[in-house]
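Working notes, structure below.
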Amino acid sequence: MSVHSSHIFNSRVTSVISISLVLLLIGVTTALLLLSSDLSVAVRENITMSIVLKDDIKNADVQKLQKTIDAEAYCKSTEYVDKETAAKELAEDLGRDPVEFLGFNPLLGSIEMRLNADYANTDSIAQIEAELRRMPEVKDVIYQEVLVDAVNKNVQRVSALLSLFAILLILISYALISNTVRLTVYAKRFLIHTMQLVGATGTFIRRPFLAEGAVTGIVSAIIAMGMLSGIVFWAHSEISSFMTTEMLHTMLISFLVMILSGILITLIATYLSVTRYLRIKVDDMYYI
């Protein structure tokens, strides 16, 4: 292998490694964004509304009401808690049976409803509460309004921070990859000028550079995907419950983003770099 060929080979290896590391960061950030979205949905769907029922309601009416609520778009799931179960749960929390203390069961049966994430906000819950209170079987509707506000504010804050970080990372990634590609094209700037002298058009000159850039982007993405897979499987070996169906779905989307980012960014950077040297005079190439 000649010195020139060795230099080109080392330059390509360096470019691939550099771009792979940047794409790995993009993949990790994508995974974090997706996981944070799934986490925010899970947190919202854990918000519970207690629908307290009237004391004289019959079991058949309870089942009918529960089916009606289950059919609503805002309902994720429901669970009926009868008076006896509620008394047992309260006795466990207090460490003393309220029935023995009072001589009767003061509690009422209730339907514990978990909301769908899209409806877990203050405005929607207020409308749901008003709708439930109009039902003749319902005595009261209880939920923690402060908790709902806190959950939504924290979710919005975390989403905004992650989105800002993702935008900054995209800009930094483009700058790093663009600089790497520019150095590769820089080494062939006189070849570009020679091709111009023999009458090659700009499109003809760009074509092999763009093809090489696309291949570099794909190879770099594959390496980055391998590194991300290694990180995920290492995490799975440490935490057995880490690898879930949601995690696999997140990885697939992250892989797709990494491949598209690798191809798109390298193509854009290559196009701009080659175009720059197509417009520069040969004398100026010695001073850049």
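The values are calculated or read from the model by the stated rules, or taken from the named source; none is laboratory data. The structure displayed is predicted, hence computed values, not measured ones. All Cβ positions, even for glycine, are placed from backbone atoms using ideal geometry, and neighbour counts span all protein chains on display. The accessibility values were calculated without ligands, DNA or RNA, using every heavy atom of the protein model including side chains. Shrake-Rupley method; radii C 1.70, N 1.55, O 1.52, S 1.80 Å.
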Hits in the stretch 93-111 (condition: modelled with pLDDT of 70 or more and outside any loop (DSSP other than H, G, I, E, B)): Ser110, Ile111
Only one of Ser50, Ser77, Ser20, Ser40 is modelled with pLDDT of 85 or more, buried (at least 19 other Cβ atoms within 10 Å of the Cβ) and either within 30 Å of Ser124 (Cα to Cα) or under 23 Å from the mean Cα position of the chain (by Cα) (or both); which? Ser20
Out of (1) within 23 Å of Leu260 (Cα to Cα); (2) at pLDDT 85 or above; (3) among the basic types (Lys, Arg), the odd one out for Arg12 is which? (2)
Any chance you could count how many residues in the stretch 239-288 are at pLDDT below 75, of a type outside the set (A, V, I, L, M, F, W, C) and surrounded by 14 or more Cβ atoms within 10 Å (Cβ to Cβ)? 0
Would you please list the contacts, defined by Cβ atoms under 7 Å and residues six or more apart or on different chains, that run from a residue in the stretch 49-60 that is within 23 Å of Val148 (Cα to Cα) to a residue that is open to solvent by 30 Å² or more (accessible area, probe 1.4 Å) and of a type in the set (A, V, I, L, M)? Ser50/Ile142; Val52/Leu108; Val52/Ile142; Leu53/Leu108
Consider His236 carefully, then state whether it is within 22 Å of the chain's Cα centre (by Cα), farther than 20 Å from Leu169 by Cβ and modelled with pLDDT of 85 or more. no
So, in the stretch 140-168, how many residues would count as being charged (D, E, K, R), touching a residue at least 24 places away in the same chain (Cβ under 8 Å) and in a helix (DSSP H, G or I)? 1
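So that you can scan it fast, the table gives a plain yes or no per residue for (1) within 27 Å of the chain's Cα centre (by Cα); (2) at positive phi; (3) free of Cβ contacts under 8 Å to residues at least 12 places away in the same chain; (4) outside any helix (DSSP H, G or I):
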| residue | (1), (2), (3), (4) |
| --- | --- |
| Ser178 | yes, no, no, no |
| Arg182 | no, no, no, no |
| Phe190 | no, no, no, no |
| Thr194 | no, no, yes, no |
| Ala200 | no, no, yes, yes |
| Ile205 | no, no, no, no |
| Phe209 | no, no, no, no |
| Glu212 | no, no, no, no |
| Gly217 | yes, no, no, no |
Being part of a helix (DSSP H, G or I) and surrounded by 14 or more Cβ atoms within 10 Å (Cβ to Cβ) is the filter here; which residues of the stretch 112-130 pass it? Ala117, Tyr119, Ser124, Ile125, Ile128, Glu129
